[in-house]
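This report refers to the structure that appears directly beneath it.
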Amino acid sequence: MDLTQLASVRTPRSRDELALAPGEVFLGGGTWLYSEPQPGVTGVVDLMTMGWVPLERRRDGGLRVAATCTLEQLNAIRPELGGTASPVFAQAVRSLLAGAKVWRTATVGGNLCFSAPASPIPALAAVLDASIKVWGPGGKRRIAAADFVTGAGLNALEPGELVRAVDIPAAALEARVAWRRIALAPLGRAGVFVAGRREASDLAVVVAGARARPGVLRFERMPEPGELAGAVDALGDWYADPHGSAAWRRAMAVRLAGEVRDELEGAA
Ligand SMILES: Cc1cc2nc3c(=O)[nH]c(=O)nc-3n(C[C@H](O)[C@H](O)[C@H](O)COP(=O)(O)OP(=O)(O)OC[C@H]3O[C@@H](n4cnc5c(N)ncnc54)[C@H](O)[C@@H]3O)c2cc1C
């Protein structure tokens with residue numbers, strides 16, 4: 001552990017105990033937080049002790065995924081909870097470059113808040129039209145998943161706010177969803193994710209990894225291949241780092257979006 005200034009680890013049991021003191025940050029699984037120096041961090045507030053139910057069907061048929069749900073728990077979702085969309089949860093988890101040890105510990109909220117281009121949970125939440133339930137000093141609020149990540153490693157949380165849950169509407173759980181991921185090397189960190197959701201005649205396509213923040217495209221009918229390729233291309237702002245050049249990411253985003261479209265074309 002590289003947190004050399006750490007003086008306290010708090011284990012809250014109620015909402016009142018979630019107010020951050022100066023120098024404190026929230027702790028999910030700690031797979032990133034404990035993996036590198038965090039200058040100025042003198043305390044962590046461990047969200048795992050809040051005892052939130054990891055996965056629950058809501059009265060309206062939607063699915064609540066707690067911020068503290070681990071990636072392993074998300075990977076194991078069955079159709080009773082995840083509906084027709086179930087397979088995409090495992091596809092998203094397996095898109096993260098990590099093994100079982102990290103999956104067992106890393107959380108949905110941690111991946112969302114890490115907000116890296118290579119983070120699959122923001123893309124999963126966006127393609128499932130989720131809303132992010134946020135608790136903070138100012139009260140509770142919701143952020144549309146598509147608007148949560150605002151840049152590479154940046155998100156819409158205000159100081160002191162935390163992610164409580166990702167709420168997925170019932171209609172999205174019964175939609176057909178397709179997922180693609182590509183990396184420069186077979187075991188490399190993901191460079192591009194493209195996901196699509198077909199609900200009735202509507203198509204939503206999320207382009208992530210290729211850009212600093214996910215781009216969401218919505219169509220009221222199945223677009224022609226050229227129309228979709230043009231819309232993906234027009235997203236622009238292609239990201240570049242050692243895991244892929246901007247030109248490669250743009251090309252792969254267009255190609256994978258076409259594959260997602262083709263997979264969903266026949267879906268009712
Ligand atoms: C071998 C390895 C491979 C990895 N590969 C990837 C990868 O391919 N893609 C990727 O995205 N990441 C990767 N990571 C980084 C990290 O493990 C994941 O992003 C993981 O999902 C983070 O989840 P966590 O619960 O461990 O978060 P933590 O490390 O606990 O926290 C991450 C950040 O989110 C904040 N946070 C956590 N939960 C909340 C919450 N509910 N509300 C508000 N803030 C919160 C923390 O303060 C911290 O800033 C990898 C890590 C390792 C060790």
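The values are calculated or read from the model by the stated rules, or taken from the named source; none is laboratory data. In this text, all values refer to a predicted model and were calculated from it rather than measured experimentally. Note that each Cβ is placed from the backbone with ideal geometry, even for glycine, and that neighbours are counted across all protein chains shown. These accessible areas exclude ligands, DNA and RNA; they are computed on the full protein's heavy atoms, side chains included. Shrake-Rupley method; radii C 1.70, N 1.55, O 1.52, S 1.80 Å.
Things to note:
- As a length-normalised measure over Cα pairs under 8 Å and 6 or more apart, the relative contact order of the chain settles at 15 percent.
- Split the accessible area of the chain by element, probe 1.4 Å, and carbon with sulfur accounts for 53%.
- Unit Cα scatterers, Debye sum, the chain: log10 I(q)/I(0) for q = 0.09 Å⁻¹: -0.40
- Principal-axis tilt of helix 225-235 within the chain, Cα atoms, nearest 10 degrees: 40
- Where region 53-171 is the region considered: accessible area per residue in Å², 1.4 Å probe: 39
- Taking region 152-246 and dividing mean pair separation by its residue count, relative contact order in percent (alpha carbons under 8 Å, at least six apart): 20
- Among the trypsin sites (Lys or Arg not before Pro) in region 170-226, those located in a DSSP loop and surrounded by at most 13 other Cβ atoms within 10 Å of their own Cβ are 221.
- Residue range of the chain that is longest and free of GluC sites (Glu not before Pro) which are both DSSP loop and sparsely packed (at most 15 other C-beta within 10 Å): 1-173
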